[in-house]
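Student: Dumping the structure here so I can ask a few things about it.
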Amino acid sequence: MADIKGVCSEFLPDLDEDIFDYIVGILEDVDFGASEDTEETAEMIAGLLSSADYCATEEDASELTKKLLVRLSNGNSMDDGGAQRPSSDVPLKTIKALKIQDTINILDDPLEEQSKKSSAIKVLKEGDEAISKKAQRLASRRGGNSATTVKKKNNKPTVLELAEKEIAEVEQELQDARVAAVKERTRLGAYRGSLDATMFTLPNPGGGMPLLEDAACRFEWGKRYGLIGRNGVGKSTLLRAMAARRVGDVPSNVIVHYVSQEVLLTPAQRQKTPGECVVDADIERSLLMEEKVILEQLASVGELDADGSKRHGDVLARLEEIGADAAPRRAKELLDNLGFSAELQARSLSQLSGGWRVRTMLAAAIFAKPDLLLLDEPTNHLSILAVMWLARELATSETWKRRIVVLVSHDRHFMDEVCTDCLHVSGAARKLTQSRGNYSLWARRRKDEQILFQKEQAKRQEEIDRLREYAGHGFKYGGSSSQINKMSMKTKQADKLELIQNEHAKELAALQEDIELPLKISSGGEIDGFVVQLKDVGFGYPGATPARLFRHCEFGITSKSRIVLLGENGNGKTTLVKLMTGQLEPSEGQIVLDSHARFALVNQHHADQIDLTMTPLQFLRSKFPGDGGYEHMQTLRGHLSSCGVTSGSSNNATGVSKVFDLQNTPASALSGGQRSRVALAAVSFARPHVLVLDEPTNNLDLESVAALAECVQKFEGAVVCVSHDQFFVQSVANEAWVVSGGAVTQVESFDSYRAAQLKILIKGKYKGM
């Protein structure tokens, strides 16, 4: 057998050690004689190299992977036929970026059960969302016990494969429902009444108490609804239930289109280009085109009767009415606006990363113009320019003024621009509350309610204390009967008020569930002069086209700098970050880093570094063992508390008396936001001088994004940020650099840059960047 590690070292020099080890581990289990296995492996490795920015483009990553596999296949062809493959009964090598998609959360409990039995699946559950479904299936096979084959024990499918199968079945059901709705719409006409959901219960996919009880809502045409609430309360679950028509009475002629956070492609879709996939989303056009072909075939053999001829005419008239011939052109314009280059549009979906596949499905949903459009975190894989275009499309297009949009997003600016109404999902009260206005208006009302409720609670408590004091103020040894009766009456009044107070305490807890504890990122203090200097820097990946991502990049970063890097995905923003932090060497020019400066990276996967078997305190101690003494442990506890990871020993700032002991709770039982706080605590304990933020908001809810923005504002050091979240960028950045067209150019500010791009959007000239 070829020396896999040696060949990988030859083809993948200077690749990140964790990713290198993971790729070697995957290749050790590949059956090079099985074409399907080899294709899955090629797709997986190319995706890893692309997401790690090891290659300039996805095409380069695919080409490099192909050469690697050809070399290994040739080496394997000379193997002794009786040679035994290495055992796959070994722990799956981890990379920091491996995570099974949120779309399979519908199998949450079985996944947890399986994770106890297989460390491989556990690793998969806690890693990078960017990996493809087939990659996960390949990785899951490494968790088996067979030493010579990838055949699963007892031929039973893995949990991951069951999840994929169920997702595929659901997707097919949704597609079948869309086709049926188009046919019913042709027969019955368009439905323009409101969509009412009355008194429904939303089950918890993971078991336990329902997410919502006795919920009700109404959707009206022309309105755009934002689903808001903390992570884990059931927003995505509610969207999926709506897509499956399990919420409310959705008429059969209402077309529903749902875009999830992750995409599972059918074999047919994988072979199509983005443009072809978008055009296919117009189901009426597809059905008419199919019917047109059948009718013309009948006509060509002389078997088309009078009714058939009339129908043929009707089909042609309808195709012309809906602009069928112009569909490819309109699809291209839509993809242009979502940031697709001509090169990306020419690829098949199998050659695109997960982020571009999600963009394709988003474009398809918009192109389809459904009656009810459901979007789950549509901005996650978009650049700021694409987010701006999408917001303007949904908020101002005549198309969506005659339809219904329901969406979930962590981008406050996007929610404010798009939403006309809000639906708040309360995890504490298991209630769904509908209100008019965008997110900011809802947040102001919510804050006013919290203040008013707290005042009422405080006033009621004062009255209870006054009544209690009067009732027991000195008549213990006698008094007139009228005085004793009066004391008894005051006692009863106090008891009654206490019952009201206790009942309202539950309502107060529900009101305060959206309050986020402050975050803190400790810094090493300011350093005089430049902490980073780029002098005439150029960079390009070997063998890539173009030869350089950018040239003549020259600027400096001081402790006062607050920089945001802007530009379309793939232009080199993350590459520039790696150059600044010393992870990459420039192809030309010089980068000077202050020898005393410490760097900290916070990205969208920063919470994935946590060992779920540990408590936050144990995790921080494993990272910073110190002398193990009492003083060091107290320091760790205090640092966790300052980051909002409470010890349960004191009240928090909101005035709620019950504070959970998060420091001693296993990480597996913490929410995504709480894990994020633990990860930030670990990052800031080293007291960095430069904070690098690469899409840090993707897995946070709106309140957590605001808390992160506030703590970054207070960070006493340099900040370099890559983010599509306009609220976050506006909150933390005072300099803006655009990475585009082979150059890195400073603009006046993010607001001026945004205003300039908005003018282009208004003129209708934006075609991606």
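The values are calculated or read from the model by the stated rules, or taken from the named source; none is laboratory data. These figures come from a predicted structure and were not determined experimentally. Heads up, the Cβs are rebuilt from the backbone with ideal geometry, glycines too, and the neighbour counts pull from every protein chain shown. Heavy atoms of the whole protein, side chains included, go into the accessibility calculation; ligands, DNA and RNA do not. Shrake-Rupley method; radii C 1.70, N 1.55, O 1.52, S 1.80 Å.
Student: Report, by residue number, each residue of region 418-435 that is modelled with pLDDT of 95 or more and among the charged types (D, E, K, R).
Tutor: D421
Student: If you go through region 735-754 one residue at a time, do you hit one that is open to solvent by less than 10 Å² (accessible area, probe 1.4 Å) and touching a residue at least 12 places away in the same chain (Cβ under 8 Å)?
Tutor: Yes.
Student: Looking for whichever is under 25 Å from the mean Cα position of the chain (by Cα), touching a residue at least 60 places away in the same chain (Cβ under 8 Å) and part of a strand (DSSP E or B) here; the options are V720, V678, V683. Which one fits?
Tutor: V720
Student: Given the criteria at pLDDT 75 or above and surrounded by 14 or more Cβ atoms within 10 Å (Cβ to Cβ), does R444 qualify?
Tutor: Answer is no for this residue.
Student: Moving on. In the set A386, A395, A365, A391, which member is in a helix (DSSP H, G or I), surrounded by fewer than 22 Cβ atoms within 10 Å (Cβ to Cβ), under 21 Å from the mean Cα position of the chain (by Cα) and in contact (Cβ under 8 Å) with a residue 24 or more places away in the chain?
Tutor: A365
Student: Taking Q609 as the residue in question, decide whether it is touching a helix residue (DSSP H, G or I) at 6+ places or on another chain (Cβ under 7 Å), within 27 Å of E716 (Cβ to Cβ) and at pLDDT below 90.
Tutor: Criteria met by Q609.
Student: OK, next. So which residues in region 200-232 are in contact with a helix residue (DSSP H, G or I) (Cβ under 9 Å, 6 or more places away or on another chain) and polar (S, T, N, Q)?
Tutor: N204, N231 - these are the residues of region 200-232 that are in contact with a helix residue (DSSP H, G or I) (Cβ under 9 Å, 6 or more places away or on another chain) and polar (S, T, N, Q).
Student: What pairs come out if I take residues in region 548-571 that are without any contact (Cβ under 8 Å) to a residue 40 or more places away in the chain and within 29 Å of L335 (Cα to Cα) and pair them with residues that are in a loop (DSSP other than H, G, I, E, B) and among the hydroxyl-bearing types (S, T, Y) whose C-beta lies under 7 Å away, six or more apart or interchain?
Tutor: Filtered contacts from region 548-571: no entries.
Student: If we scan region 281-289, do we find a residue that is under 30 Å from E39 (Cα atoms) and among the aliphatic types (A, V, I, L, M)?
Tutor: Yes, region 281-289 contains at least one residue that is under 30 Å from E39 (Cα atoms) and among the aliphatic types (A, V, I, L, M).
Student: On to the next question. What are the pairs, 6+ residues apart or on separate chains, where a residue within region 400-414 that is under 18 Å from N231 (Cα atoms) and assigned to a strand (DSSP E or B) has its Cβ under 9 Å from a residue that is of a type in the set (S, T, N, Q) and at pLDDT 95 or above?
Tutor: none
Student: Look at L579 and say whether it is assigned to a helix (DSSP H, G or I), touching a strand residue (DSSP E or B) at 6+ places or on another chain (Cβ under 7 Å) and either of a type outside the set (D, E, K, R) or at positive phi (or both).
Tutor: yes
Student: With the condition kept exactly as written, say whether any residue in region 374-397 is at pLDDT 90 or above, of a type in the set (F, W, Y) and under 29 Å from V705 (Cα atoms).
Tutor: Yes, region 374-397 has at least one match.
Student: Another question about this same structure. When the residues of region 198-248 are filtered to those that are polar (S, T, N, Q) and either crowded, with 20+ Cβ neighbours inside 10 Å or at pLDDT below 90 (or both), which remaining residue is farthest from the chain's Cα centre (by Cα)?
Tutor: Result: T198.
Student: Got a number for residues in region 691-720 being in contact with a Lys or Arg (Cβ under 7 Å, 6 or more places away or on another chain) and under 23 Å from T575 (Cα atoms)?
Tutor: 1
Student: Of all residues in region 52-68, which are buried (at least 22 other Cβ atoms within 10 Å of the Cβ) and in a helix (DSSP H, G or I)?
Tutor: A61, T65, L68
Student: Taking the stated definitions as given, is K332 within 37 Å of the chain's Cα centre (by Cα) and surrounded by fewer than 20 Cβ atoms within 10 Å (Cβ to Cβ)?
Tutor: yes
Student: A further question follows. Got a number for residues in region 335-357 being assigned to a helix (DSSP H, G or I), open to solvent by 10 Å² or more (accessible area, probe 1.4 Å) and among the aliphatic types (A, V, I, L, M)?
Tutor: 2
Student: Sticking with this one: Hey, can you tell me all the residues within region 514-539 that are over 30 Å from G582 (Cβ atoms) and either surrounded by fewer than 16 Cβ atoms within 10 Å (Cβ to Cβ) or aliphatic (A, V, I, L, M) (or both)?
Tutor: I515, L517, P518
Student: Looking only at region 681-729, how many residues end up being over 25 Å from F530 (Cα atoms), open to solvent by 10 Å² or more (accessible area, probe 1.4 Å) and modelled with pLDDT of 90 or more?
Tutor: So the answer is 1.
Student: Answer yes or no: is there a residue in region 242-259 that is of a type in the set (V, I, T), on the phi < 0 side of the Ramachandran plot and assigned to a helix (DSSP H, G or I).
Tutor: Looking for residues that are of a type in the set (V, I, T), on the phi < 0 side of the Ramachandran plot and assigned to a helix (DSSP H, G or I), one finds none in region 242-259, hence no.
Student: Same structure, new question: Considering only region 577-635, state which residues are open to solvent by 40 Å² or more (accessible area, probe 1.4 Å), farther than 30 Å from H552 by Cβ and of a type in the set (S, T, Y).
Tutor: Correct list: T613, S622, Y630, T635.
Student: Same structure, new question: Among the residues of region 583-601, are any at pLDDT below 90 and under 13 Å from E695 (Cα atoms)?
Tutor: Yes, that holds for at least one residue.
Student: Restricting to region 300-356, what's the tally of residues that are over 30 Å from T186 (Cα atoms) and either touching a residue at least 24 places away in the same chain (Cβ under 8 Å) or basic (K, R) (or both)?
Tutor: Here the count works out to 20.
Student: Could I ask something else about it? Give region 521-575 a look and list any residue that's within 23 Å of L64 (Cβ to Cβ), outside any loop (DSSP other than H, G, I, E, B) and either in contact with a helix residue (DSSP H, G or I) (Cβ under 9 Å, 6 or more places away or on another chain) or of a type in the set (A, V, I, L, M) (or both), or say none.
Tutor: Once the filter is applied, which keeps residues that are within 23 Å of L64 (Cβ to Cβ), outside any loop (DSSP other than H, G, I, E, B) and either in contact with a helix residue (DSSP H, G or I) (Cβ under 9 Å, 6 or more places away or on another chain) or of a type in the set (A, V, I, L, M) (or both), region 521-575 yields F539, F550.
Student: Okay, next question. Filter region 657-672 down to the residues that are within 24 Å of T635 (Cβ to Cβ) and modelled with pLDDT under 75, then identify the one that is least open to solvent (accessible area, probe 1.4 Å).
Tutor: Per the stated criteria, the residue is V659.
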